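For reference, the structure is listed below as structure tokens.
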Amino acid sequence: MEAVYFTLVAIMLYLLADFVLDRAERMAGRRFEHRSLIFFFILLIFALLSFAAIRAYTG
């Protein structure tokens, strides 16, 4: 069951990271030069926090 939680959260985090990056680019008024690297770090931070929380709650 834990694998299902990780998969669902990963899908949501991908969409959330894309949304956050898009909003940041709109606020800056331009596309960032290293967009994929920034996306990776946003996703990495969200994943580490949420996966640690899942692991803590599911034992």
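Taking amide H atoms as placed 1.01 Å from N in the peptide plane, the amide H of Phe32 has no partner under 5 Å among residues 5 or more positions away or on other chains. Between the helical axis of 2-28 and the longest alpha-carbon principal axis of the chain there is an angle of about 20 degrees. How tilted is helix 35-58 with respect to the longest principal axis of the chain? Cα atoms for both, answer in degrees (0 to 90, nearest 10). It is inclined by approximately 20 degrees.
Between Glu33 and Ala53, the distance separating the two model label sites (each 7 Å from Cα on the Cα→Cβ line) works out to 3.4 nm. Taking trypsin sites (Lys or Arg not before Pro) as candidate sites, keep only those in a DSSP loop with at most 10 other Cβ atoms within 10 Å, then name the longest stretch of the chain containing none of them. Longest gap between qualifying sites, sites excluded: 1-29. Between Leu44 and Arg26, the contour length at 0.36 nm per residue exceeds the alpha carbon distance by 4.3 nm. Calculated mean residue ellipticity, 222 nm, the chain: -30500 deg cm²/dmol, from DSSP H runs (n ≥ 4) at -39500 (n - 2.57) each, averaged per residue and rounded to 500.
Readers should treat all values here as calculations from the given coordinates under stated rules, not as data from a laboratory. Values in this document were obtained by computation on a predicted structure and should not be read as measured data. Every residue, glycine as well, gets a Cβ built from its backbone with ideal geometry; the counts of neighbours run over all protein chains shown.
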